[in-house]
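The values are calculated or read from the model by the stated rules, or taken from the named source; none is laboratory data. Computed from a predicted model, the values in this text were never measured in an experiment. Ideal geometry is used to build each Cβ from the backbone, glycine not excepted, and the neighbour counts take in all protein chains shown.
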Amino acid sequence: MKIDRVDVIHTAIPLKSSFRTSFGAISAQHSVVTKVYSEGLVAYGEACPFLAPIYSYECVGSVQTVLGSFIIPSVLGKEIAGPEDFMDRVGFIKGNNHAKAALESAIWGLRAKIEGRPLWQVLGGTNPKVDVGVSIGMQPSIEALLKKIDGYLQEGYRRIKIKIEPSEDIELIRAVRKEFPDIVFMVDANSSYKLTDIDFLKRLDDFNLLMIEQPLGEDDIVDHAQLQSQVKSSICLDESIHTVDDARKAIRIGSCRIINIKYGRVGGLLNSVRIHDLCRGAGVGNWIGGMIETGIGQVIKTALGTLDNFVYAADIETSDRFVVEDVITPDLSQTDGYLDASVEYQVDEEKLNKYTAEVSIFKA
Ligand SMILES: [Mg+2]
C-alpha cells in the first residue's frame with residue numbers, strides 16, 4: 001500500500017456533562033483521528049491520549065507533533081507492506097506509543113480493505129461477540145454509586161468497575177458487595193497506592209473482586225510482584241505495560257495475573273496482538289481497556305476484543321455514553337452486555353467535520 005495522504009484531525013466533541021480533573025474541568029472529548037489515503041482506499045485510525053499528559057507523558061499536542069514531524073515523513077509517498085513494515089519504519093522513534101498507534105490503526109484498516117475482510121478477522125478474532133463492562137468514575141456519595149451501578153446492570157453490562165483511591169474508605173467496596181453480592185466486580189486504583197498500603201489491599205481479598213487494577217506506581221512491576229505474592233485478589237496491570245517486553249518481564253516475576261491492553265498505550269494493534277499472544281501462552285488473561293475514544297477508536301477496540309484471550313469484559317464506551325453525538329454510523333451500542341464486531345460502521349464525515357478543532361493535511 002502506497003501512503004498518498006494523511007489527515008491528522010484533532011476532534012473535540014462536547015460531553016453530555018463535564019467533569020473535574022486535577023488540571024481543571026473537562027467539557028469535551030479530545031482525540032487525534034487519522035485519515036489515510038492509499039491508492040483509492042481510505043481508512044481511519046485514532047489515538048486518544050487525553051488533552052493533557054495525565055495518563056502518560058503523551059497528549060493530543062505531542063501526538064500531533066510526533067505524527068507531523070517524524071512518523072508521517074517516514075511513510076508518506078512510500079510503499080508500505082503493512083503494519084509490521086510500518087512499525088519497523090518508525091522504530092527509531094523512542095516511545096510515543098499513542099502517536100504510533102494513531103497511524104498504525106489506520107494501516108490495519110487499509111489492510112482489511114485490501115484483503116476484503118473485516119478488521120476483526122484480519123486481527124485473528126474468532127467470535128465477533130465481545131463482552132462489555134462499564135467503568136464508573138468517582139461519585140458524590142455511596143448512594144449515588146449504588147444507583148449508577150443498578151442502572152448499568154439493568155442495561156445488561158457484564159462487569160462493573162469502580163475507581164478507588166486511598167481517601168475512599170473500604171466501606172465503598174463493602175457497600176457495593178452488600179447490595180450486589182453476585183456481580184462481576186472490580187476496582188481500578190490508577191496507581192494511587194504504595195506498597196506500604198499492603199494491609200489495606202489485603203483486606204480487599206474479602207470482597208471476591210475480579211481483579212485490582214494497577215494499585216501501585218505507573219512505572220512499577222517490582223512492587224506489584226511483591227504485592228501479588230501476598231494478596232489473593234488478582235492484580236491487573238494497565239499503566240505499567242507499554243511494550244511486549246514489559247509484559248514478558250511482568251509475567252516472569254509474577255507482577256500480575258491479568259493485563260489490560262489499550263492499543264494506544266502499547267503502540268498499536270500489532271503490539272496488542274503480540275502481548276495478547278504472549279499472555280495466552282503464559283496463562284495470563286487479558287481485557288480491552290479504554291481511553292474514551294470516539295466511535296472510530298471504540299470500533300477498532302471492539303475488533304481487537306474478538307481475540308480469544310480477551311477473557312474479561314471490555315471497557316468499550318457505546319456512542320451514547322459520554323458525548324453529545326458520535327462520529328460513526330450507526331451508533332455503537334450494546335445489547336445484553338455484548339458488542340457485535342461484525343456490524344459495519346462508517347465514519348460520518350459531516351459529523352467528523354462538525355467536531356474537527358484542527359486539521360493538518362500531509363500529501364505525498
Ligand atoms: Mg486503568
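Among (1) out of contact with any Asp or Glu (no Cβ under 6 Å at 6 or more places or on another chain); (2) over 21 Å from Leu153 (Cβ atoms), which single condition is Ile296 missing?
(1) is the only condition that Ile296 fails.
Does at least one position in the range 221-232 carry a residue that is hydroxyl-bearing (Ser, Thr, Tyr) and within 14 Å of the ligand (Cβ to nearest atom)? If you could, list the steps in order and put the result at the bottom.
Taking the range 221-232 and keeping what is hydroxyl-bearing (Ser, Thr, Tyr), we get 229.
Right, trim to within 14 Å of the ligand (Cβ to nearest atom) and you get none.
Taking every residue of the range 221-232 in turn, none turns out to be hydroxyl-bearing (Ser, Thr, Tyr) and within 14 Å of the ligand (Cβ to nearest atom).
How about the range 175-203: which of its residues are away from the ligand (no atom under 16 Å from the Cβ) and of a type in the set (D, E, K, R)?
Listed by number, the residues that qualify are Arg177, Lys178, Glu179, Asp182, Lys194, Asp197, Asp199, Lys202, Arg203.
Which residue pairs have Cβ atoms under 6 Å apart, sit 6 or more places apart or on different chains, and have a first residue in the range 29-51 that is within 17 Å of Ile300 (Cβ to Cβ) and a second that is assigned to a strand (DSSP E or B) and polar (S, T, N, Q)?
Going by the 6 Å Cβ cut-off, the qualifying pairs are Ser31/Thr11; Val33/Thr11; Gly45/Thr34; Glu46/Ser31; Cys48/Ser31.
Sort out which residues of the range 183-196 are modelled with pLDDT of 95 or more and of a type in the set (D, E, K, R), and write them in order of number.
Scanning the range 183-196 gives a single hit, Lys194.
What pairs can you find where one residue is in the range 184-207 and in contact (Cβ under 8 Å) with a residue 40 or more places away in the chain, the other is among the hydroxyl-bearing types (Ser, Thr, Tyr) and assigned to a strand (DSSP E or B), and their Cβ atoms are less than 8 Å apart, with a gap of 6+ or different chains?
From the range 184-207, the pairs are Asp188/Ser135.
I'm checking my understanding of the structure. Among residues of the range 287-339 that are away from the ligand (no atom under 16 Å from the Cβ) and acidic (Asp, Glu), which one is surrounded by the most Cβ atoms within 10 Å (Cβ to Cβ)?
In this case the residue turns out to be Asp326.
For Asn260, which of the numbered conditions (1) of a type outside the set (Lys, Arg); (2) within 16 Å of the ligand (Cβ to nearest atom); (3) assigned to a strand (DSSP E or B); (4) surrounded by fewer than 22 Cβ atoms within 10 Å (Cβ to Cβ) fails to hold?
(4)
Hand me the list of helices (runs of 4 or more DSSP H) wholly inside the range 52-111 holding 3 or more residues that are surrounded by fewer than 20 Cβ atoms within 10 Å (Cβ to Cβ).
Working: elements: 60-66, 72-75, 83-89.
Because the criterion is at least 3 residues that are surrounded by fewer than 20 Cβ atoms within 10 Å (Cβ to Cβ), the helices (runs of 4 or more DSSP H) in the range 52-111 that meet it are 60-66, 83-89.
Any residue at all in the range 161-174 that is within 16 Å of the ligand (Cβ to nearest atom), closer than 21 Å to Ile253 by Cβ, in the same structural domain as Ile253 (by TED's automatic domain parsing) and touching a strand residue (DSSP E or B) at 6+ places or on another chain (Cβ under 7 Å)?
no
Suppose we keep only residues that are more than 16 Å from the ligand (Cβ to nearest atom) and in a loop (DSSP other than H, G, I, E, B) within the range 121-136. Which one would you say is surrounded by the most Cβ atoms within 10 Å (Cβ to Cβ)?
Step by step, filter the range 121-136, then rank; the result is Leu123.
Being at pLDDT below 95 and crowded, with 18+ Cβ neighbours inside 10 Å is the requirement here; does Ile160 meet it? I'd like the intermediate steps shown before the answer.
Working: at pLDDT below 95: no; crowded, with 18+ Cβ neighbours inside 10 Å: yes.
Spelling it out, it is not the case that Ile160 is at pLDDT below 95 and crowded, with 18+ Cβ neighbours inside 10 Å.
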